[in-house]
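Colleague: I am attaching a structure below and will ask some questions about it afterwards.
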Amino acid sequence: MADATKSSFRIAVIGCGYWGPNHVRVFEELLGPGTVVACEPDDAQRDRFARRFPYVPIHASAAEVLARPDVRAVVIATPAVTHFALVGMALDAGKHVLCEKPFTQTVAEAEALEARAAAGGLVLMVGHVFLFNAGLQYVRRVCMDGMLGTLQYAIATRTNLGPVRTDVDVCADLASHDIAVLNWIAGSLPETVSAVGASYVVPGHADAAFVTLSYPGGFTGSVQASWLHPEKVRRLTIVGSERMLMWDDLNMEFPVTVYDKHVEAHAQVATYGEFLRVSTHSGEVRHPFVPSHEPLKAQAIAFLGGIRGGEPVNSDASVGVGVMRVLDAIQRSIAGNGQPTEVNLGTRDQVNDKSSTSRGYHDPSHGDR
């Protein structure tokens with residue numbers, strides 16, 4: 001495999017509306033000038049991109065870009081409805097792929113793409129960029145090290161006033177970030193989910209949702225996601241049997257706070273039988289040092305590392321498939337008015353090759369990152 005730092009290596013970014021230009025910037029910084037090409041079919045978006053990046057060649061056709069022998073890898077930064085077709089085209093052309101979330105529209109599509117990448121020996125990565133957030137990487141590390149004791153529950157809140165998407169609902173847009181993070185911390189998919197959601201603005205698409213995830217071993221996750229909120233919040237609280245912590249992405253100085261707090265239950269015997277005496281422990285509050293880095297750049301480095309070494313990368317296709325399985329269960333639970341719903345580990349849907357299109361992927365708003 002050619003070294004991804006050499007001039008013969010090009011990476012293509014398909015979709016240059018809201019989020020694609022950030023990928024262009026990051027890969028140019030990592031690989032150097034002349035290593036990135038772009039693709040955008042919308043004339044107005046293409047003109048805006050050309051003014052911002054006059055030195056980056058830009059094509060109107062995905063097929064044109066994928067036919068270039070110097071393009072070894074592709075970033076798909078287009079709306080979800082196009083992902084299955086575009087990722088499939090790229091894999092069929094022998095390109096490594098980094099696809100923005102949500103991965104696909106159905107579990108079956110995600111599984112099919114995972115199988116195609118594996119069959120071709122290609123890296124297929126899904127852009128769950130918060131898995132590359134330095135604060136959350138610290139959080140996972142201390143959870144794995146046992147600093148918190150037995151993990152009991154987590155509460156994730158991801159809200160903002162817009163941007164409201166019309167291609168996917170708030171679960172696929174916002175909650176998918178927290179689902180990926182909680183799966184990562186728990187080390188598994190939840191066994192069941194219970195979810196309620198409401199469509200206040202976009203008919204047929206929930207723009208506010210409340211999700212409960214029940215993981216093996218008794219760990220429970222709660223996710224609140226909304227496009228209709230007065231305050232931008234990106235926060236995760238994890239409660240353990242020994243300590244608790246909070247991650248706040250908007251706190252630039254101290255993104256992680258660790259609380260030496262827990263509740264203890266002591267059995268006692270009284271005249272009329274046994275009862276529990278509950279006491280609380282409250283110790284120091286720490287703000288550990290968390291070196292900062294740009295998550296998007298860390299994600300790009302992992303993608304390039306996977307291409308160079310052929311090693312599995314964090315947020316590979318299996319991670320994307322897992323998130324899709326949870327999102328599928330959430331949709332079924334919402335349809336059932338919050339009924340607890342099993343996360344299906346097999347394929348429920350038949351892939352419909354005509355359900356996606358590689359044309360017309362103008363992306364005016366690619367959601368909150």
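Colleague: Condition check: surrounded by 20 or more Cβ atoms within 10 Å (Cβ to Cβ), within 24 Å of V139 (Cβ to Cβ) and in contact with a strand residue (DSSP E or B) (Cβ under 9 Å, 6 or more places away or on another chain). Does S226 satisfy that?
Modeller: For S226, the condition - surrounded by 20 or more Cβ atoms within 10 Å (Cβ to Cβ), within 24 Å of V139 (Cβ to Cβ) and in contact with a strand residue (DSSP E or B) (Cβ under 9 Å, 6 or more places away or on another chain) - is met.
Colleague: Looking at L66, L31, L98 in this structure, which one is surrounded by 24 or more Cβ atoms within 10 Å (Cβ to Cβ) and not basic (K, R)?
Modeller: So the residue among L66, L31, L98 that is surrounded by 24 or more Cβ atoms within 10 Å (Cβ to Cβ) and not basic (K, R) is L98.
Colleague: I'd like to check which strands (runs of 3 or more DSSP E) are fully inside the stretch 99-205 and have at least 3 residues that are at pLDDT 95 or above and over 26 Å from V285 (Cβ atoms).
Modeller: Per the criteria, 124-127, 192-198.
Colleague: Restricting to the stretch 290-335, count the residues that are under 25 Å from V256 (Cβ atoms) and not in a helix (DSSP H, G or I).
Modeller: Number of matching residues: 8.
Okay, residues lined up against (1) assigned by TED's automatic domain parsing to the domain that holds A110; (2) modelled with pLDDT of 95 or more; (3) loosely packed, with under 15 Cβ neighbours inside 10 Å; (4) acidic (D, E):
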{"site": "A300", "(1), (2), (3), (4)": "yes, yes, no, no"}
{"site": "D328", "(1), (2), (3), (4)": "no, yes, no, yes"}
{"site": "A335", "(1), (2), (3), (4)": "no, yes, yes, no"}
{"site": "Q350", "(1), (2), (3), (4)": "no, no, yes, no"}
{"site": "S356", "(1), (2), (3), (4)": "no, no, no, no"}
{"site": "G360", "(1), (2), (3), (4)": "no, no, yes, no"}
{"site": "D368", "(1), (2), (3), (4)": "no, no, no, yes"}
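Colleague: Now a separate question. Condition first: assigned by TED's automatic domain parsing to the domain that holds I155, among the basic types (K, R), over 17 Å from G221 (Cβ atoms) and modelled with pLDDT of 95 or more. Can you find one or more residues in the stretch 261-270 that meet it?
Modeller: Checked against the condition, which is being assigned by TED's automatic domain parsing to the domain that holds I155, among the basic types (K, R), over 17 Å from G221 (Cβ atoms) and modelled with pLDDT of 95 or more, the stretch 261-270 yields no hits at all.
Matching residues to (1) closer than 23 Å to Q105 by Cβ; (2) in a loop (DSSP other than H, G, I, E, B); (3) in contact with a strand residue (DSSP E or B) (Cβ under 6 Å, 6 or more places away or on another chain); (4) in contact (Cβ under 8 Å) with a residue 12 or more places away in the chain:
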{"residue": "S8", "(1), (2), (3), (4)": "no, yes, no, yes"}
{"residue": "A12", "(1), (2), (3), (4)": "yes, no, yes, yes"}
{"residue": "V24", "(1), (2), (3), (4)": "no, no, yes, yes"}
{"residue": "P41", "(1), (2), (3), (4)": "yes, yes, no, yes"}
{"residue": "L91", "(1), (2), (3), (4)": "yes, no, no, yes"}
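The values are calculated or read from the model by the stated rules, or taken from the named source; none is laboratory data. Bear in mind the structure is a predicted one, so any value in this text is a computation, not a measurement. Here Cβ is always computed from backbone atoms with ideal geometry, including for glycine, and neighbour counts include all displayed protein chains.
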